[in-house]
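These notes concern the structure reproduced below.
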Amino acid sequence: IGFFDCPQMWKWYVSLYGQIKMKVAIRHCHQIVTVSNFTKRRLEERFSIDEEKISVVYNAIDNKFRNDIADKDKSLEVRKKYKLPMDNFILCLSTLEPRKNLRLLIEAYTDLKKENKIDHHLVLAGRKGWKIDSLFKNIDSEIKQYIHFTGFIDDDELPYVYKAADLFVFPSKYEGFGIPPLEAMACGTQPVVS
């Protein structure tokens, strides 16, 4: 077997190459910018970088996300375009894929709905990602009518979707930085994050 024909050897080579490139880049750069103290600490530990060489510049949201959205016509237009329920709903916005912990969200929602502890619909907004079809096949048939999939939402219409939701849920297992909960809060919608 040739070196590049073996998946394990290829993975090892790519990993080693990436580590060498990262170390060379770190050694030659003047300053490293990261979005959180968590990432800063990870870089310091992993690559033995002096903390003075790393600056934390926090993420922010666009000014269009705000609580004073008052255009009722636009709000109704957006609700119709994405087929959002006219009743109360919980919003989850992300790429729909396993690492976003959607299985747990749907299971919790199903339990609450069956126990009559919640009267909200669940709106899952975002593009479908990898390995997501199996998730949708296993939804309880009684509950399926209360779960809505919007697909991608245009950035200019996103503030209206956040504003229409009663609650924003962000259940992902791991995020570099979660902008959607900040956007939801700016629009006056309470976020629940894992």
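Readers should treat all values here as calculations from the given coordinates under stated rules, not as data from a laboratory. Values in this document were obtained by computation on a predicted structure and should not be read as measured data. Virtual Cβ from ideal backbone geometry, glycine too; neighbours counted across all protein chains shown.
Tabulated data
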{"read-out": "Antiparallel bridge percentage (DSSP; both residues within the stretch 66-194; nearest 5)", "value": "0 percent"}
{"read-out": "Size of charge dipole - the stretch 126-194 - debye, nearest 20, with Cβ of Lys, Arg +1 and Asp, Glu -1, no other charges", "value": "320 debye"}
{"read-out": "Under-5 Å amide H pairs with Lys128, H placed in peptide plane, nonlocal only", "value": "Leu96"}
{"read-out": "Charge-dipole axis of the stretch 28-120 as Lys and Arg at +1 and Asp and Glu at -1 on Cβ define it, positive-most pick from Asn63, Ser94, Ile32", "value": "Ser94"}
{"read-out": "Ile54 long-range amide H proximity, modeled H, under 5 Å", "value": "Ile32"}
{"read-out": "In sequence order, calculated HN-Hα J values of the stretch 60-76 (Karplus, 6.51, -1.76, 1.60; Hz; x Gly/Pro)", "value": "9, 10, 5, 5, 5, 8, 8, 7, 8, 5, 10, 7, 5, 5, 5, 4, 5"}
{"read-out": "(1) 15.3; (2) 17.7; (3) 10.2, with the label sought being that of the calculated mean projected area of the Cα convex hull in nm²", "value": "(1)"}
{"read-out": "Residues with amide H under 5 Å from that of Leu122, placed H, sequence gap 5 or more", "value": "Ile90, Ile147, His148"}
